[in-house]
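Here is the structure we will look at, set down as structure tokens.
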Amino acid sequence: MKVSGFTFIRNATKFDYPVVEAIKSILPICDDFVVAVGNSDDNTLDLIQSIEKQKIRILETIWDDSQEMKKGGKVFASETDKAFQAIPMDSDWAFYIQGDEVIHEKYLGNIYSSMESWKDDKMVDGLLFNYLHFYGSYDYIGLSPKWYGHEIRVIKNNKAIYSFRDAQGFRKSKNEKLNVKPVDAYLYHYGWVKEPETMMKKAINANSFYQEKNYLIQVKSKDSNGRKEFDYSSIDSLSLFTGTHPKVMEERIQRKNWSFEHDISFNRLSLRYRGKIFIKKYLGINTYYKNYRLI
């Protein structure tokens with residue numbers, strides 16, 4: 001069985017993406033790895049070149065920054081597809097990971113076993129992962145239904161599969177949802193854990209792709225000097241994280257230079273989200289977004 005990893009990245013240092021940790025977290029079970037490195041304003045290319053050269057293949061790309069491709073994050077899917085299409089045809093599986101996602105080493109065995117189990121099953125298009133979304137610091141995870149709980153991150157090396165919308169997940173020809181099997185593994189999403197000033201810069205950048213989400217409402221002035229930072233305090237509902245982080249994240253976590261605390265007794269959810277939780281828990285009806293077909 002041959003497994004190829006793939007991802008895309010741009011301005012990893014500027015927006016503090018843990019992309020090196022992301023790649024290294026799954027590299028042990030990948031035979032090779034394709035990274036689409038977009039035209040950046042920082043040392044992103046150098047960062048990727050510093051990773052295990054025997055496995056990493058860099059695809060230098062130029063992002064389409066037109067308003068049409070920015071709308072709804074279409075360019076993210078386009079860059080994902082560039083990396084996926086560059087995966088060798090003799091690979092059985094393609095393991096996708098985004099620049100702010102990391103796999104805990106304790107799950108690698110489960111993931112590899114699942115790939116072995118379903119490699120020759122033509123009905124299975126991919127594997128579905130659970131998610132933990134960290135917020136504010138490495139000590140809290142989001143509880144609200146607004147955080148997606150599952151997504152596809154391992155797919156068959158079928159070139160009819162393509163990245164969907166803003167690279168949230170995948171579809172195949174004729175806009176079909178993929179048939180997937182669940183895997184007993186969590187992806188640790190660190191996209192909302194950054195030094196507040198850096199998070200502010202990322203929010204402004206994200207707003208240019210997702211204006212309808214209006215990330216800028218959480219950007220505030222911190223002091224009389226007008227220094228701006230992201231306002232983490234407006235989150236609705238968090239839980240304390242009691243587990244361990246992936247080993248590849250240890251050094252990054254030790255470098256953390258800001259504080260964030262949330263009183264979980266003041267958690268609050270909108271009526272809409274409370275309704276979603278109630279319907280799923282007591283009626284068994286899933287009203288959450290689901291971009292896949294469990295088989």
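Between the DSSP loop rule and a limit of at most 10 other Cβ atoms within 10 Å, which trypsin sites (Lys or Arg not before Pro) in region 120-211 are left?
Lys122
Mind running the shape call on region 3-192? Use the C-alpha gyration tensor, a ≥ b ≥ c as the square roots of the eigenvalues: rounded below 1.5 for a/c, prolate if a/b tops b/c, oblate otherwise.
It comes out rounded by the Cα gyration axes.
Using only helices, what value at 222 nm comes out for the chain when you add -39,500 (n - 2.57) per DSSP H run of length 4 or more and divide by the total residues, to the nearest 500 deg cm²/dmol?
-7000 deg cm²/dmol
If you place +1 on the Cβ of every Lys and Arg, -1 on the Cβ of every Asp and Glu, and leave all else neutral, what size is the dipole of the chain about its Cα centre, to the nearest 20 Debye?
I would put it at about 1080 debye.
Where a ≥ b ≥ c are the square roots of the eigenvalues of the C-alpha gyration tensor, would you call region 124-212 rounded, which needs a/c under 1.5, or, failing that, prolate if a/b is larger than b/c, or oblate?
oblate
At most 14 other Cβ atoms within 10 Å and a DSSP loop assignment: could you name the GluC sites (Glu not before Pro) in region 82-182 that fit?
Counting only loop positions with at most 14 other Cβ atoms within 10 Å, none of the GluC sites (Glu not before Pro) in region 82-182 qualifies.
Mean separation of Cα pairs under 8 Å and 6+ residues apart, divided by the residue count of region 151-202: what relative contact order is that in percent?
With pairs under 8 Å counted, the relative contact order is 21 percent.
If I take every Cα pair under 8 Å that is 6 or more residues apart in region 3-192, average their sequence separation and divide by the length, what percent do I get for the relative contact order?
About 26 percent, as a whole number.
Decide, for region 56-99, between rounded, prolate and oblate: order the square roots of the alpha carbon gyration tensor eigenvalues as a ≥ b ≥ c, take rounded if a/c falls under 1.5, and otherwise choose prolate if a/b is larger than b/c, else oblate.
prolate
Fewest first, what order do Thr61, Thr244 take by the number of other Cβ atoms within 10 Å?
By the 10 Å Cβ count, ascending: Thr244, Thr61.
Highest first, please rank the peptides 44-55, 75-86 by the mean number of other Cβ atoms sitting within 10 Å of their residues.
75-86, 44-55
No lab work stands behind these numbers, since they all come straight from the coordinates. As the structure is a computational prediction, the values presented were derived from the model and not from experiment. Because the Cβ atoms are built from the backbone with ideal geometry, glycine has one as well, and the counts that use them run over all protein chains shown.
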